[in-house]
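Novice: Okay, here's the structure, questions in a sec.
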Amino acid sequence: MSVTIEAIKPRIGGRVLVDQKHLLDDEVVETVRAALEERGVLVFPQINVSDELQLAFTDRLGERVNFTRRVPGSDVSAPDVYKVTLDKKINKEPDYVLGTFFWHVDGVTMDMPLPKATVLSARHLSDTGGSTEFANLFAAYEALPEAEKRELEGLRVIHTLEASVRPVYGHPSQERLDRWRSMVDPMEHPLVWTHADGRKSLLIGTHADGIVGMGGAHGRALLCRLQQWAAQPDFVYRHDWQVGDLVIWNNEGLMHRVVPYTDTQRVMHRTSIGGHEKPGRIADAGAVAKLLEPT
Ligand SMILES: [Fe+2]
């Protein structure tokens with residue numbers, strides 16, 4: 001056996017012990033794929049992959065996708081490797097990266113199947129923060145009281161780019177608001193996502209802007225409470241990076257955020273694996289307008 005997986009916490013996290021030269025082996029790929037479903041997030045300590053190997057590994061696990069082509073600051077000439085950094089020489093619009101300080105699921109505000117998994121490798125570390133936290137939204141749903149699960153069933157949530165970057169700006173100018181609104185349409189997703197394999201998870205994050213049919217305050221309060229519930233230590237793994245670590249997580253069932261950092265030296269290389277499940281659709285304009293009303 002050329003690969004071993006150790007659980008990190010009871011409800012989340014796995015450590016993958018494998019030699020770099022075996023990373024693309026069938027046995028390793030199959031083991032990793034299964035462990036990703038079971039453990040949610042997998043760490044390959046100091047495996048030191050090149051971009052080429054990271055892309056090849058991404059391709060072995062699924063269908064490579066670049067959903068950041070439409071994101072400000074992404075380098076369209078790069079071969080599907082997005083550089084996560086506050087360094088303006090590398091990423092022209094790092095404000096998008098500041099949005100990752102807040103809990104989110106990648107790709108939720110795009111009208112496309114959610115990325116199945118995200119792969120991140122550490123090239124340069126921050127000395128002011130930069131750990132990444134992952135919260136298991138399958139486990140968070142599973143642990144809810146049955147009565148609350150019944151109350152949440154059937155609820156629909158509006159997710160907007162505006163909500164995901166609002167914490168970055170606080171009081172954005174009208175010009176910025178107009179720009180965000182012109183970039184992508186608001187999406188409507190189920191609050192409880194029943195996946196193709198029958199498992200259920202919460203689909204929440206900072207991009208969740210309100211609940212269809214509820215006043216803005218009521219919807220946002222419920223979303224806020226659920227986010228706090230899901231972020232409790234039992235469901236969360238925090239990864240403190242070493243240079244060369246590679247981490248892959250099941251983006252369909254985990255939310256993640258980075259511990260804030262201020263320096264421009266941190267550089268992470270990200271690739272994404274496309275998914276096949278599209279839980280939501282573009283939201284009705286009327287449902288979005290209703291979120292502006294408090295009750
Ligand atoms: Fe992310």
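The values are calculated or read from the model by the stated rules, or taken from the named source; none is laboratory data. What you see is a predicted model, and the numbers here were worked out from it, not measured in a lab. Note: ideal-geometry Cβ built from the backbone for every residue, glycine included; neighbour counts use all protein chains shown. The accessibility values were calculated without ligands, DNA or RNA, using every heavy atom of the protein model including side chains. Shrake-Rupley method; radii C 1.70, N 1.55, O 1.52, S 1.80 Å.
Novice: Just need a number here: residues in region 156-168 that are in a helix (DSSP H, G or I) and not basic (Lys, Arg).
Specialist: Total meeting the criteria: 7.
Novice: When residue 139 is evaluated against the numbered criteria (1) buried (at least 17 other Cβ atoms within 10 Å of the Cβ); (2) within 18 Å of residue 291 (Cα to Cα); (3) aliphatic (A, V, I, L, M), which criterion, by number, is the only one it fails?
Specialist: (2)
Novice: When the residues of region 243-268 are narrowed to those that are touching a strand residue (DSSP E or B) at 6+ places or on another chain (Cβ under 6 Å) and open to solvent by 20 Å² or more (accessible area, probe 1.4 Å), which ends up nearest to the ligand (Cβ to nearest atom)?
Specialist: Among those residues, the one meeting the criterion is 257.
Novice: Please go through region 65-89 and give me each residue that is at pLDDT 85 or above, more than 20 Å from residue 117 (Cβ to Cβ) and more than 14 Å from the ligand (Cβ to nearest atom), ordered by number.
Specialist: 86, 87, 88, 89
Novice: Can you pull out every residue in region 135-155 that is touching a residue at least 24 places away in the same chain (Cβ under 8 Å) and assigned to a helix (DSSP H, G or I)?
Specialist: Within region 135-155, 137, 138, 139, 140, 141, 142, 149, 152 qualify.
Novice: Read through the list (1) more than 23 Å from residue 225 (Cβ to Cβ); (2) open to solvent by less than 40 Å² (accessible area, probe 1.4 Å), then give the number of the only condition that residue 193 fails.
Specialist: (1)
Novice: I need a count of the residues in region 19-38 that are open to solvent by less than 30 Å² (accessible area, probe 1.4 Å) and closer than 30 Å to residue 140 by Cα. Working first, answer last.
Specialist: Taking region 19-38 and keeping what is open to solvent by less than 30 Å² (accessible area, probe 1.4 Å), we get 23, 28-29, 32, 35-36.
Checking which are closer than 30 Å to residue 140 by Cα leaves us with 28-29, 32, 35-36.
Selection size over region 19-38: 5.
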